[in-house]
Amino acid sequence: MTSEYVKCLILGGGPAGFTAAIYASRAGLEPVLYEGIQPGGQLTTTTVVENFPGFPGGVDAMTLMDSMRRQAISFGAQVRQGTAIKAELSEKPFRVTLDGGEVIEAESLIIATGATAKYLGLPSEEKYKGAGVSACAVCDGFFYRKRTVAVVGGGDSACEDALYLASLAQKVYMIVRRDVFRASKAMQDKVFASANIEILWNSQVEEVLGDGTAVTGLKLVHKDGSRSVINVDGLFLAIGHHPNSEIFDVEIDEGGYIVTEGKTSQTSVQGVFAAGDVQDSRYRQAVTAAASGCMAARDAEKYLLQK
C-alpha cells in the first residue's frame with residue numbers, strides 16, 4: 001500500500017495531542033494528527049470543566065476541546081479521524097498503520113493516546129456517565145458540595161478520591177469489594193479518621209439508579225448475597241486506568257504507562273515522544289496533559305533540527 005510521509009505524526013486528539021499540534025504547527029513541522037477512538041479525550045466524558053485556567057466561570061468540555069482542535073487547524077495542523085492499530089518503530093522513518101488502512105511514514109512521532117478509565121461495565125453506569133457517574137473526583141467533585149457521593153475502590157487512588165470528596169461533600173460512601181483496603185496504611189488511617197466517610201465492605205455496585213437525567217442511588221450486592229439501596233447524588237470510579245500503549249514497542253512501566261526520560265517527553269526510542277495520560281499515572285489532568293503536549297512538540301522540533 002502506498003504510504004504518506006510526514007515530518008511529525010501525532011496520535012491522539014485530547015489536550016496533549018492538540019497542544020502538541022499547536023506548537024508543532026507554529027514550529028513549521030507540518031503535523032498530521034489522528035484523533036483516535038475518543039476525539040477530545042477523556043475530558044469529553046465530563047460536562048463542565050471548572051479547573052482549566054482561563055475560564056473563571058467554567059467551560060463546557062466539548063467546547064474546550066473543539067476550541068483546541070480549531071486552534072491547531074488554524075496554525076496548519078492536519079486533523080484527521082482514525083485510530084492507529086500498528087506502529088513499527090524499529091526503523092526510520094517510523095511506520096504507523098491506521099484502522100482505515102492508511103500507512104503513515106513519520107520522521108517523528110508523538111504518542112498522545114491517553115489512558116482509559118476502568119469502569120464497572122454496567123449498562124446503567126454507561127447511561128449516567130457525565131450525569132452523576134465520573135472517573136475523576138478532582139474534575140467533578142466540586143459539583144457535589146454538601147451532597148452525598150460514593151467511591152468504588154479500595155486502593156490508594158480510591159482513598160485519595162474519598163478524602164478529597166469528603167472535604168466537599170456532606171457524606172462519602174466507600175464501596176469496597178473485599179473486607180480490607182489495598183491502600184497504604186497511611187491512607188487507610190486518614191480514611192478511618194474522616195467522620196463523613198462510611199465504608200461498605202464486601203460490597204459491589206449492581207445497578208446505578210437514576211431519574212432518567214441524574215443519579216439518585218445505587219443498588220448494592222453484598223458478599224452474603226443480600227442486597228441494599230443507598231441514596232447518592234454521584235458515583236466516582238477509582239478502580240484504575242488503562243493506558244493506551246499496547247501497540248508501541250517502547251519502554252513501559254508495570255502499569256503499562258510509557259516511560260519518558262527525565263523531565264522530557266523522550267521515550268526509549270529516539271524520535272518517539274509521549275505526552276498526556278499515556279505516560280502520566282499520577283496527575284491525569286487536562287492542564288498537565290496540555291503542558292506535556294507542549295513539551296513533546298518542542299522535543300520533536302529539537303530532534304528534527306539535530307538530524
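Tally up the residues in segment 226-265 that are more than 21 Å from residue 121 (Cα to Cα) and among the aliphatic types (A, V, I, L, M), please. Number of matching residues: 5. Among the residues of segment 241-251, at least one is of a type in the set (Asp, Glu) and either touching a Leu at 6+ places or on another chain (Cβ under 8 Å) or within 20 Å of residue 159 (Cβ to Cβ) (or both). One residue stands out among those in segment 273-298 that are among the polar types (S, T, N, Q) and assigned to a helix (DSSP H, G or I): the one that is nearest to residue 28 (Cα to Cα), which is 292. With respect to being touching a residue at least 24 places away in the same chain (Cβ under 8 Å), under 18 Å from the mean Cα position of the chain (by Cα), assigned to a strand (DSSP E or B) and in the same structural domain as residue 283 (by TED's automatic domain parsing), residue 85 falls outside the description. When each of 148, 113 is tested for being buried (at least 17 other Cβ atoms within 10 Å of the Cβ), within 27 Å of residue 22 (Cβ to Cβ) and of a type outside the set (A, V, I, L, M, F, W, C), the lone residue that passes is 113. The set of residues in segment 216-267 that are closer than 24 Å to residue 42 by Cβ, part of a strand (DSSP E or B) and hydrophobic (A, V, I, L, M, F, W, C) comprises 218, 235, 236, 237, 252, 258.
Can you tell me which residues in segment 150-183 are touching an Asp or Glu at 6+ places or on another chain (Cβ under 6 Å) and among the aliphatic types (A, V, I, L, M)? Across segment 150-183, the qualifying residues are 151, 183.
The values are calculated or read from the model by the stated rules, or taken from the named source; none is laboratory data. The structure presented is a predicted model; accordingly, all values stated were derived computationally and were not measured. Note: ideal-geometry Cβ built from the backbone for every residue, glycine included; neighbour counts use all protein chains shown.
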